[in-house]
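One structure is given here, and the rest of the page talks about it.
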Protein chains: 2
Amino acid sequence: MTKITPVVLSGGSGTRLWPLSTPTRPKQFLPLTGSLTMFQLTVMRASDPSLYESPIIVASEAHAELIVAQLAEIGVTDATIVLEPCARNTAPAIALAALAASNPEALLLVMPSDHAILDLDAFQQATALAKKLAEDDWLVTFGIAPTGPETGYGYIAAGPLLQDGCHAVASFVEKPARELAETMLAKGDHFWNGGIFLFRAGSFLDEMQLHAPEILEAAMASVEGCSRQGQLLRPDAAAFTASPSDSIDYAVMEKAVRVATVPVDMGWSDVGSWDALKEIGLADLSGNVLTGNVRQIEAQGNLIRSDGIRISAIGVENLIIVAAGNEVLIVPRGQSQKVKSLA
Amino acid sequence: MTKITPVVLSGGSGTRLWPLSTPTRPKQFLPLTGSLTMFQLTVMRASDPSLYESPIIVASEAHAELIVAQLAEIGVTDATIVLEPCARNTAPAIALAALAASNPEALLLVMPSDHAILDLDAFQQATALAKKLAEDDWLVTFGIAPTGPETGYGYIAAGPLLQDGCHAVASFVEKPARELAETMLAKGDHFWNGGIFLFRAGSFLDEMQLHAPEILEAAMASVEGCSRQGQLLRPDAAAFTASPSDSIDYAVMEKAVRVATVPVDMGWSDVGSWDALKEIGLADLSGNVLTGNVRQIEAQGNLIRSDGIRISAIGVENLIIVAAGNEVLIVPRGQSQKVKSLA
């Protein structure tokens, strides 16, 4: 049985969970949901040696030390770490991983490193179903069961049923207007595109050759000029920098023909805002999610978190209060998307 | 013309404006309303050399250095600073000041050091009227024009008109129930007791002899055993500690017969809570009172103040947010009296 090679993408910039996340420590490297970071949880999610090969991490040179240290903390020493010379979005990043894979038959499970998944059984079951399709040369995208008419996500429209509840993809719908999002939610045959994919390295590279040859060419040239330092791979900077910047969705998935989706309801969150973190946090009886040096009196429904100075909250409701370093943020729940403008 | 001797009482403990005020730096020593501290503003309020003698400060030993430094900042080097060995409330403190005064004829203007007064002309006019009565051996209390049915203050019931709009005091009403406060406000002949007094040292000491002889005796004994170090006077600790603890209101004013009040509307605030400070603060067009390292987006009606780390507030309304040292407080306006329990 072929094992799966996890590919962990770690390119997030960390402005939406300011002041905790910062460019030098974006959110995947923070212990936001527990004692481990989301990067560590992502790697561990696909670490059963009976099912998975050692992982390929694609990340920024700026985070190389952080990644080695965080992998060591969870006992992972055999990862291949591909350091992008610059950010060129997901299509070039995944091309690097596919080229770094052992052979074209390798099954790549591509995962963003900054998403939370609460139901690991559901994740593993979906992965098993996706693997069967990938072995049959489908490019598989995980279809997250939507929980609301979100307008910030891409949607996957399910086409004909293939097997085991999996569908061919009819089309992708990028960030829809509210009305369209509600229609798709009501129809029940649309899923969120969470950016989790499973495919053979060769299948993906073949589709890149067809639909994004410039990206593939740049990736191949940069891998050819690659330098290796232990587990660290450094593709050639000039060659990689010449690549167009594009997402895997635009560059490949929306154009490829043999694309399938595995619907999955696995307690997924992109932790894309403080509001999202409040939703998945463990609340006390008053609905407060409290972390760190925090005390409250008669407060309800707040997310309050400090990594430094003490926060004392009295009688406040439905606020997000975050202290980190020399910064403290206060914003009502529901407005945390405005945080980006401050970071 | 006899000049007035200002007596500045500085015994506040500083729990209600936590985290900014602390026992080592209670609110009178903080620049809460501008660039000068309330202690400095109080001294300067009665510093016109054509009207006032040099002041007598009654304060805690713990704040001696702070007081000397803050007086030096405003160019006052001739104050007499009486350092209480322990806190025994206002009656013993004022007794010390009366005994430290140059002679029994001295006119003492007793002022708490932690109140704000916005209309200085009104204050000076009231002082001139009170002086006339004090010279006629009345104990005069300033009657603050009430602006609402506050239940946290003592009230003065005006009796017969004496002169210039001043009245004999019919009675004192300690912290009334809400209904009574509303009745008094509606009647228009009740004033807040702001703890500002004007009387001859001798008049006051005579009344103490009648109504609070134990306090007077302890004060006299402690002044007898006093040590002097430049402008600092240190009454004998054992003798002063033996004094009963009582307020001037209970010990003397409520019992004395020849007590008058000068009604005055002078923008007075006891700055007894963050809500009170919000009320007297200079607000921007969105009703925010912002001080220090603070930025806001779409916020309205807040008091936000930082003496240290940066506060970023987005979209919040009617909150009090205060950062000082390693503490940050968040409480809705109207609930700031609960801060005491945290300090």
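Overview of results
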read-out	value
Residue among B:Ile81, B:Ile4, B:Ile57 that alone is of a type in the set (A, V, I, L, M), within 20 Å of B:Ile117 (Cα to Cα) and more than 14 Å from the chain's Cα centre (by Cα)	B:Ile4
Residue check, A:Ala260 surrounded by fewer than 19 Cβ atoms within 10 Å (Cβ to Cβ), touching a helix residue (DSSP H, G or I) at 6+ places or on another chain (Cβ under 7 Å) and more than 14 Å from chain B (Cβ to nearest Cβ)	no
Hits in the stretch A:156-202 (condition: at pLDDT below 95 and among the polar types (S, T, N, Q))	A:Gln163
Residue list for the stretch B:166-189, restricted to those being closer than 19 Å to B:Asp265 by Cβ and surrounded by 15 or more Cβ atoms within 10 Å (Cβ to Cβ)	B:Cys166, B:His167, B:Val169, B:Ala181, B:Met184, B:Leu185
Single residue of the stretch A:274-327 satisfying the filter (among the hydrophobic types (A, V, I, L, M, F, W, C) and touching a helix residue (DSSP H, G or I) at 6+ places or on another chain (Cβ under 6 Å)) that is surrounded by the most Cβ atoms within 10 Å (Cβ to Cβ)	A:Trp274
Members of the stretch B:52-109 found to be of a type in the set (A, V, I, L, M, F, W, C), part of a loop (DSSP other than H, G, I, E, B) and more than 14 Å from B:Pro6 (Cα to Cα), listed by number	B:Ile74, B:Cys86, B:Ala87
Output for the stretch B:326-336, where each listed residue is assigned to a loop (DSSP other than H, G, I, E, B) and either facing chain A (nearest Cβ under 8 Å) or of a type in the set (S, T, N, Q) (or both)	B:Asn326, B:Gln335
Residues being among the small types (Gly, Ala, Ser) and surrounded by fewer than 22 Cβ atoms within 10 Å (Cβ to Cβ) - total across the stretch A:49-99	10
Residues of the stretch A:185-230 classified as aliphatic (A, V, I, L, M) and either without any contact (Cβ under 8 Å) to a residue 40 or more places away in the chain or over 27 Å from A:Ala46 (Cβ atoms) (or both), total	5
Matching residues, the stretch A:22-42, being assigned to a loop (DSSP other than H, G, I, E, B), out of contact with any strand residue (DSSP E or B) (no Cβ under 7 Å at 6 or more places or on another chain), touching a residue at least 60 places away in the same chain (Cβ under 8 Å) and of a type outside the set (A, V, I, L, M, F, W, C)	A:Pro26
Unmet criterion (only one of (1) assigned to a loop (DSSP other than H, G, I, E, B); (2) surrounded by 21 or more Cβ atoms within 10 Å (Cβ to Cβ); (3) in contact with a strand residue (DSSP E or B) (Cβ under 6 Å, 6 or more places away or on another chain)) for A:Pro146	(2)
Selection status of B:Ala128, out of contact with any strand residue (DSSP E or B) (no Cβ under 6 Å at 6 or more places or on another chain) and part of a helix (DSSP H, G or I)	yes
Conditions (1) farther than 24 Å from A:Ile67 by Cα; (2) of a type in the set (D, E, K, R); (3) modelled with pLDDT under 95; (4) in a strand (DSSP E or B): number failed by A:Arg305	(3)
The listed residue being outside any strand (DSSP E or B), more than 8 Å from chain B (Cβ to nearest Cβ) and touching a Leu at 6+ places or on another chain (Cβ under 7 Å), out of A:Val271, A:Val339, A:Val322	A:Val271
Given (1) hydrophobic (A, V, I, L, M, F, W, C); (2) in a loop (DSSP other than H, G, I, E, B); (3) touching a residue at least 12 places away in the same chain (Cβ under 8 Å), index of the condition B:Ile311 fails	(2)
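The values are calculated or read from the model by the stated rules, or taken from the named source; none is laboratory data. Just so it is clear, the model here is predicted, and its values are computed rather than measured. Quick reminder, even Gly has a Cβ in these numbers, built from the backbone with ideal geometry, and neighbours come from all protein chains shown.
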